[in-house]
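Here is the structure we will look at, set down as structure tokens.
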Amino acid sequence: MLVLKAVAREPSHGYAVAKWIEETSGDVLRVEEGALYPALHRLELRGLLASEWGTSDNNRRAKFYRVTPAGRRRLAAEAQDWRRLARGIAQVMQTT
Amino acid sequence: MRERWHAIWLRLRTLITRRRLDRDLADEMAFHLHMRAEDARRRGLAPADAAAASRRQFGNPTALRETSRELWTFRWIESFSRDIRLGLRLLMRQPGFTAVAVLTLALGIGATSAIFSFVDGVLLRPLPYPEANRIVLLWEKPPGGLRNGISALNFLDWQTSSTSFSSLTATTVRPMTLGGIDEPTRPRVARVSPSYFDTYGIHPLFGPGFQPDEDQPGRDHVVVLQHKVWVSQFGADSTLPGRAITLDGEAYTVVGVMPDNSPFERGFTQAWRPIAFTPGERTRDFHWLLAVGRLRPGVTIERAQAEMTAIGARIAQQYPDSNKGWSVFVEPFGDQVVSTSLSQGLYVLFGAVAMLLLIGCVNLANLTLARGLARAREVAVRAALGAGRRRLVRQFVTENVVLSLLGGAAGVALGYALMEALRQLLPPGALPREALVAMDGRVLAFAFLVSVSTGVCFGLAPALQATKSDLTATMKEGARGGTSDRGRRRVRAALVITEIALAFVLVAGAGLLVRSLTTLLHEDPGFDDRNVLTMTLPHAGPADAAHLVPYVEDLLAHVQAAPGVTSAALADTLPLQGWGNGMPYQVAGRAAVDRANRQATGFKRVSPAYFQTLGMRVIKGRGLSVEDRSGTPPVTVINKTMAEAVFPGQNPLGQHLLIQQIAPDQPQLGPELPWEVIGVVADENTQGLDQPPSGGMYVPLAQSPYPSLSLVVRSAVRPEAVETAVRQAVHAVDKRLAIADVRLLADLRRESTAQPRLQTALLAAFAALALTVAAIGIYGVMSYSVAQRTREIGIRTALGASGGSVLGMVLGDGLRLVAIGLTLGLGGALALARLLTALLFGVTPGDPEAMAFTLAVLGLVALAACFIPARRAMRLDPLAALRAE
């Protein structure tokens, strides 16, 4: 879900996604970076992301991902589920 | 759901661009690593440290690449293609094994495919007519019988009264003479109702075909030709349709040619003309027609049968003289297409080749087991590296399937050759015209399936065995685990026993057929066929009785006088070709039976010298003589079977048989004549050597003349030498008389056994092959087990065991297996031999001689196969044996 959100913001390559998650989560979330790529490939295989080879800012060959309409729909659905889950947990935790 | 399909689609695309996948994955991760290193460098780390740090943060690129790669490919395709390539490489490295295996498989799969092409073409294929299940056969059903020919008037009544059929046609076949070209030929011409081709649903090309009104006399001189005839006789002349050809001296307009690939091309009939019943042919008591019909859409065969039974009952009521007690029988066309003996024969042959293939499989399983043992280390290493058992088994089985596909490809080529050879050897007319035997897609698909199954079959057990090994034990040197070895030995023993048993069954079956054939060939046909020449005279002169008789007698006199001729006779049918006619009779003085319900007996018209020429013995009374002619009382000689059936325990001489007169120029039967029985003659075989003789009677040609006759001539020396003299004699009487089908009687007799001879030869060949393959297999297993026990034998010999006792030990083990195999084989043979009953003649399925012979042969072969390796064991040098590993 995080990956989808990252790519939904703007089409980017895998490194940019890693950096964005790192920065935005305030360094809370840090995974083995390489694991990002199987995740990206899984999303691409399922048709939630589309990819394209291009050149990066510093002129190297890189693979750029962007989100597809199906991906956007899935992101919205997952975000909704997440919010519901978070609310539920918060409610449970509030009762002392 | 849609996501899954999207994934599959992307994977398919990647399948095509596989090499790029690796590069892309590497590039993508390399980019990330580079960027991370750049970042680190910008923050101040040294380049080497930066690179190291970024790699640490990243994780293991190789593993990650593998994970991604697996996402992007169909894993099973990858592993499959790898297995196949590996398997092929291994096979190339062991050319000896590969050659033997491919040859064994090629023989087995080839033979199976060839026989299957016949089974498929004759038995399994649907009939080649559109909506063939709506085609039916109609018969007149006599009292006490099921199927009988049909009379003209009955047929016409059926046509007008029935509503169940969209077309109903009658057929009858007769050869005619095609004139107008240099060498007249005698095509077989069928007379059919104009709706004939509508019934079968296959229409002629190049022409309108038959019109419905062409069944009237005067409008019926049109003809449709077989494609082959059009090509061979008329050079595929495209102007022929519309023009006339000469048949029997009259002009017939060609109104169509049948298409090239229709079942009619494979049939006996070469041309068709419409049947227009002359007034003389419109009778109810002469049953010379066959009928085929096509059911109207929506009508079931039961409804048609019910309707026809009602019509038949009405006709029986209206015309009791000819039809009382007769009904109609309607059956699906398909039921009569293949004779039981043909289908049984094919199934037996198919069973035989299947067994041959099985024996080959067993051999290969043994070989593969041995190979598996040799690769035990490889298996252990791979298992240690993480290969699951299922994966290993799959790899081994794939290797074997590759091998068997190779064998299958070679087998298809072999099978094609065998199929073509068999097609040439089959006598014409052995297969129904609806059969189409070819190595087509269906047969090839079958061959493919058989190849794959064979590979799995002989590969699975050894693969399971090979992968069961205890890893650590195998990794250590020696590779001599106790339990797995025993398991392997048990499997090998089981395989040897199976081979022996299967080979036994096959050889026993062949033995039975051979004995049956020998009995058949030695069967007394009732006539002496040495030095006898036969020929047919299709139009022996004038059609009316008054002129026919002197003409025929003149003919005989001239032939008799020809040099080299001992004796000559004429008959309306040749030996082994049936009785010619079956006539209902009434014994004078017994209770009168309605004409329609009378028993029928064979009725053959012969000249007086017939019995003498054919060496048939007159048992009682006298034979026919020249004194018996028109004007003198009608006389007949009956055969032994008829005498015993009609006059059991009585003297038939002097009794009278009342039979309606047959006039030579019309099918209408005349008044009853009282034929006096003046003699009894020994039976001649009329139906075929494997049938018992049927009852019948012989009457003098002079008293019942017939214009289409066959000539039999006994010569003093070689009959071929006499042919010219006979021809000259015949033409001296009438130089326009056509002579056809000059054959030796001995050849006719041999041809009647062509099919059983071919079947037996085939089965014997397969059995011999199976025996060879089994022998090689047994020898191989015994040699192998001796080689395995080299050390043990060496020790025994070193410790003082004599050569004889070593021999005894090894041989004893082998013979134990052989004994079990023979017992199982005998049991199996006795059980399965019952399936052969329909093909056997004069031999019971459990024939002790055949079984004993098989036991002896198989026992000897197996003994030899065990003995040779055993002798080698005996001669083993103990030092060399102990050193060997």
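Read the figures in this text as sums done on the coordinates, not as results from a lab. Quantities reported herein were computed from a predicted structural model and do not represent experimental measurements. Because the Cβ atoms are built from the backbone with ideal geometry, glycine has one as well, and the counts that use them run over all protein chains shown.
A few notes on this one:
- Take the Cα of B:Gln691, step 7 Å toward its Cβ, do the same at B:Leu88, and the gap between the two points is 5.8 nm.
- Per-residue shielding of A:12-19, expressed as the average number of other chain Cβ atoms within 10 Å of the residue Cβ, stands at 4.
- Euclidean distance between Cα centres, the stretch B:35-106 to the stretch B:442-456, Å: 34
- Relative compactness, chain A, computed as alpha-carbon Rg over 2.2 N^0.38 Å: 1.24
- Between B:Leu737 and B:Asn261, the FRET efficiency estimated from the beta carbon spacing at R0 = 35 angstrom works out to 0.35.
- Computed from the Cβ-Cβ distance with R0 of 45 Å, the FRET efficiency linking B:Ala838 to B:Arg727 stands at 0.55.
- DSSP bridge pairs, the protein assembly as shown: antiparallel proportion in percent, nearest 5: 80
- Additional length obtainable on full extension of the chain from B:Ala387 to B:Gln599, 0.36 nm per residue less Cα span: 68.3 nm
- DSSP bridge analysis restricted to chain B gives an antiparallel fraction near 80%, rounded to the nearest 5.
- Scanning residues 5 or more positions from B:Val681 or on other chains, those with amide H under 5 Å from its amide H are B:Ile619, B:Ile638, B:Asn639, B:Lys640, with H placed 1.01 Å from N in the peptide plane.
- Placing unit charges on each Cβ (+1 for Lys and Arg, -1 for Asp and Glu) gives the protein assembly as shown a dipole about its Cα centre, and among A:Gln94, B:Asn323, B:Gln788 the Cα reaching farthest toward its positive end belongs to A:Gln94.
- Sites B:Ala461 and B:Phe80 - FRET efficiency at Förster radius 30 Å, r taken between beta-carbons, to 0.05: 0.90
- Take each residue of peptide A:41-54, count the partner chain Cβ atoms within 10 Å of its Cβ, and average: the result is 4.
- For B:Ile662, residues with placed amide H under 5 Å, excluding near neighbours: B:Gly670
- Under 19 Å from B:Lys228, Cα to Cα: aspartates and glutamates that are on another chain or at least 8 residues apart: B:Asp182, B:Glu183, B:Asp237, B:Asp260, B:Glu265, B:Glu434
- Mean separation of Cα contacts under 8 Å, 6 or more apart, over the residue count of the stretch A:2-94: relative contact order %: 30
- Modelled label positions at A:Trp82 and B:Val618, each set 7 Å beyond Cα in the direction of Cβ, lie 11.8 nm from each other.
- Under 5 Å between amide hydrogens, built in the peptide plane, is the criterion, and for B:Phe165 it picks out B:Arg296 among residues at least 5 positions away or on other chains.
- ³J(HN,Hα), Karplus 6.51/-1.76/1.60, whole Hz, each residue of the stretch B:27-42, x for Gly, Pro: 4, 4, 6, 4, 4, 4, 4, 4, 4, 5, 5, 4, 3, 4, 4, 5
- Mean separation of Cα contacts under 8 Å (6+ apart) over length of chain B, as relative contact order %: 14
- Relative contact order (%) - criterion: Cα under 8 Å, at least six apart; region: the stretch B:1-126: 22
- Across the stretch B:100-115, computed HN-Hα scalar couplings (Karplus, 6.51 cos²θ - 1.76 cosθ + 1.60, θ = phi - 60°) run 4, 5, 4, 4, 4, 5, 4, 4, x, 5, x, 4, 4, 5, 4, 5 Hz from first to last residue, x flagging Gly and Pro.
- The stretch B:582-591 - phi-based ³J(HN,Hα) in whole Hz, Karplus 6.51/-1.76/1.60, Gly and Pro as x: x, 10, x, 10, 10, 6, 5, x, 9, 4
- In the stretch B:730-821, the trypsin sites (Lys or Arg not before Pro) that fall in loop regions by DSSP, at most 15 other Cβ within 10 Å: B:Lys735, B:Arg736
- Axis of helix B:301-318 versus longest Cα principal axis of chain B: the two differ by about 10°, to the nearest ten degrees.
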